[in-house]
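The values are calculated or read from the model by the stated rules, or taken from the named source; none is laboratory data. For clarity, every value in this text was computed on a predicted model and none was experimentally measured. Cβ placement follows ideal geometry from the backbone for every residue including glycine, while neighbour counts extend to all protein chains displayed.
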């Protein structure tokens, strides 16, 4: 069945809405993100229609999520008090990706492709690093996309049905429209500035930083208007789904299979590290576990918010892991390559 030209972008939105609505009816966690994600993938894989991303949709979704996250002085004090142990936990979970590197090397992948496809950093950043070091870019992009897909689909469900939800967080109603307008405007400005300096995840980090500063500085307590979080979920899920089609899942099944196994092992190591860290610090086990998962920062922060876990703790761990990967991945890879050449 030949593929047709890409249909209008608004059909992507309709497919995502249908999937989100169905997922919400069956009580699936993060329904408007996971439901939209699966619906768009289904259409792209089961029909000739190759749905395309909503223009700037994922950026807008990240912006909404960023300005809607909640930060409290108490949790930030906990993070500051145990920052060294949290730093070590983030480092351990970053290094756990070497398990996936080893698995991919056994399938015959070259060193650069196996390394940068496995690092739990942003997909775009790892593709750029892989390009500088001779990796197969399509394989790197596939490995990164599949890792995020697995974490987004599995983690919220595992948390809800196995670990349960955290204690209910009282947000004190809705933030006033004046504050929302200020936070949203400043958040967009911060995102544009972050983007101008070519920093990772600008449309999440910019609004998130503004939200944290204003929430703590002015003791803001409240949430987004009804439906705003669902809107952000829908935009992010619909955008993620456009990275997958039949060709993706048919490409190098051994590579994809070992990527799945490597991701699951990395998640297991993250869970064990979180348990040890929780025993050492008395920090919330659920939040620590979620913060150490090798997923995207926006998706994991949104999961924390929806499951009523500690957003600052999850975000801090995710940001630390990302910084480790971005700053250490290339130097470690080049050192590894030099050592391997000396042994030849």
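Are there any pairs, at least 6 apart or on different chains, whose C-beta atoms fall under 8 Å, with the first in the stretch 249-263 and without any contact (Cβ under 8 Å) to a residue 40 or more places away in the chain and on the phi < 0 side of the Ramachandran plot and the second surrounded by fewer than 16 Cβ atoms within 10 Å (Cβ to Cβ) and part of a helix (DSSP H, G or I), and if so, which?
If the second residue must be surrounded by fewer than 16 Cβ atoms within 10 Å (Cβ to Cβ) and part of a helix (DSSP H, G or I), no pairs are left.
In contact with a helix residue (DSSP H, G or I) (Cβ under 9 Å, 6 or more places away or on another chain) and closer than 20 Å to residue 147 by Cα: which single residue out of 34, 72, 12 fits that description?
The conditions single out 34.
For the stretch 267-292: of the residues being in contact with a helix residue (DSSP H, G or I) (Cβ under 6 Å, 6 or more places away or on another chain) and over 17 Å from residue 88 (Cβ atoms), which is surrounded by the most Cβ atoms within 10 Å (Cβ to Cβ)?
Once the filter is applied, the top-ranked residue is 290.
Does residue 68 satisfy being modelled with pLDDT of 90 or more and farther than 30 Å from residue 276 by Cα?
no
Among the residues of the stretch 67-82, what is the count of those that are under 20 Å from the mean Cα position of the chain (by Cα) and part of a helix (DSSP H, G or I)?
2
When you go through (1) in contact with a helix residue (DSSP H, G or I) (Cβ under 7 Å, 6 or more places away or on another chain); (2) over 20 Å from residue 250 (Cα atoms); (3) without any contact (Cβ under 8 Å) to a residue 40 or more places away in the chain one by one for residue 80, which number turns out not to apply?
Of the numbered conditions (1) in contact with a helix residue (DSSP H, G or I) (Cβ under 7 Å, 6 or more places away or on another chain); (2) over 20 Å from residue 250 (Cα atoms); (3) without any contact (Cβ under 8 Å) to a residue 40 or more places away in the chain, the odd one out for residue 80 is (1).
Checking the condition surrounded by 20 or more Cβ atoms within 10 Å (Cβ to Cβ), at pLDDT 90 or above, farther than 14 Å from residue 256 by Cα and out of contact with any strand residue (DSSP E or B) (no Cβ under 7 Å at 6 or more places or on another chain), which residue from 90, 112, 117 passes?
The match here is 112.
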